[in-house]
Structures are given as structure tokens and as C-alpha cells.
Ligand SMILES: C[S@@+](CC[C@H](N)C(=O)[O-])C[C@H]1O[C@@H](n2cnc3c(N)ncnc32)[C@H](O)[C@@H]1O
């Protein structure tokens, strides 16, 4: 057996032992078992519980894993999103509160708990940086706080991640009757012109052409109308919520 195979067997055994301890409610023993190896095994065990639909034990593993590995951005994002998907919003906020989102060279210590949570639950859906999320939340807060009338309009909505951030922020402030009018091609980026270039001079047309699908449709940030509707529906923002065009 190769060294790699031996290691894989050892990890599988470790995972099995950990699983049994978690089911027997012996979290401390599971942690003691894992510490000489790597606490990330606890996360993997949580994934295995999730795969068989045992969300309660998955959360036991994941909550402890983020405490044991406080600097792992991915684990925090994944746990906050899973808690939010399971409608455990207060728990998601509690994890977000302790999530140190700053990375070397980028200080994000002024992000609020709400902003961190909204970044986590829209990551991979919105093309928005943590700073962008903070901007959207703060603008929405301003509009809600001062009762500025009118609908929200977004041109280039993609999957609706940015919209979801604004909808969540409105709902958090007890407002869910504001209309949203959302525009996109719902077929990806249209053909860039000559003047569409990056700051470093690279042509956008080149990138667009590289991503072109064999059927001739754009393959660059494509979300269909149905997919965007589905993502936005997940926010729970009550319909009618304006229009998608
Ligand atoms: C970078 S994505 C936008 C990200 C989005 N705002 C979010 O919150 O994640 C750009 C979007 O703009 C759309 N788009 C670009 N040019 C457009 C045009 N001329 N008309 C309509 N939609 C356009 C694309 O289809 C794509 O979905």
C-alpha cells in the first residue's frame, strides 16, 4: 500500500471514530482524539453527517471546527450559509459576530455582523466583494432609515446576489414592500466593443471570445431568468417584488 493510501485509511478510521463519539454526545473526546492530527477532520465528519441528512450532528461538528480553526475563512462562510439555509438566522449571526474576516493586508474589522453574514450567504452568488456588501447594506440602511420613497433598480443583476443583500437588509429593518426592478440580458455579457478594455489594456472582447459557448451564446457571467428568480425567491422577500426584465 502506498504512503498516500495508508494515510487515507488512517483518516477514514479517524473519521469513523469521531463520528461514533459525536453521535454518543462525546464532543470533548472527539476533539481530544483529533487534536494530535488535524481538527479539520471534524469538519469532514460534519460533511458526512450532512450527506446523510443529519444536520443536527453536522452543526455540532462545524461549530466546534470553526472554534478550533478560527482563521479558516472557508469554514466560517460555509457554516454561516448552512445555518442561514436552515433558517437558524440568530445562530448564523452569532457565528458571523466572531468571524474575523480580515485577511493579510486587508483590514475588514469595521464590517458589521450583518454585513459579514450577508457576504457569507451570498458568496458565489453575488459578484460583490465584502466591501461591496458593506456598501450595499449601508446604502439600503440610509434609504430605509430616512424613509426615502421609490423602487430599487439594478441594471446587470446576474444571479441576484446584490439584490438579495439589499432585500435581506430591508427585511432586517422591518421593510418588505419596496419594489425591485431588475434588468439583465439573462444570457450573459453582450459582445464588448473596441472601447471595452481593462485598466491594464487587455481587451474585453478577447475574454468574451474565449468564453463563447459552442452554440454561439455568451459564456461570461450567465444566469438565466429562471435561475435568477430562484435565487431571489430564496431570500423570502415577499412577492410581488417588482419585475425582472
Ligand atoms: C458582473 S455581473 C453583475 C453582478 C451582480 N450585480 C451581482 O450582484 O452579483 C454583470 C451582469 O451585467 C449583465 N449585463 C452586461 N451588459 C448588459 C447589457 N448591455 N444589458 C443588460 N445586461 C447586461 C450581464 O449579463 C451580467 O449578468
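Values quoted throughout were computed directly from the atomic coordinates according to the rules given, and no laboratory measurement underlies them. Not measured: the values here are computed from a predicted model. Cβ atoms come from the backbone with ideal geometry, glycine included; neighbour counts cover every protein chain shown.
Tabulated data
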read-out	value
Residue 17/residue 55 FRET efficiency (R0 25 Å; Cβ-Cβ; nearest 0.05)	0.70
Global geometry of the range 15-128, whether rounded, prolate or oblate, following the gyration tensor of its Cα atoms and the 1.5 cut on a/c	prolate
Using alpha-carbon coordinates, inclination of helix 161-172 to the longest axis of the chain, degrees	80 degrees
Principal-axis tilt of helix 55-68 within the chain, Cα atoms, nearest 10 degrees	90 degrees
Relative contact order, percent, the chain [alpha-carbon distance under 8 Å, six or more residues apart]	12 percent
Gaussian network model of the chain, springs between alpha carbon atoms under 10 Å - residue of 117, 35, 171 with greatest fluctuation	35
Anisotropy class of the range 7-53 from Cα gyration tensor, a/c 1.5 cut	oblate
Relative contact order for the range 88-203, counting Cα pairs under 8 Å that sit 6 or more residues apart, in percent	21 percent
Separation of alpha-carbon centers, the range 85-151 and the range 1-76, rounded to whole Å	29 Å
Relative packing of 202-210, 128-136, which averages over residues the other C-beta atoms within 10 Å, highest first	128-136, 202-210
The range 56-211 shape via C-alpha gyration tensor axes, a/c threshold 1.5	oblate
Relative contact order (%) - criterion: Cα under 8 Å, at least six apart; region: the range 1-81	22 percent
DSSP beta bridges in the chain [antiparallel fraction, %, rounded to 5]	20 percent
Mean ellipticity per residue at 222 nm, deg cm²/dmol - from DSSP H runs of n ≥ 4 across the chain, formula -39500 (n - 2.57)	-16500 deg cm²/dmol
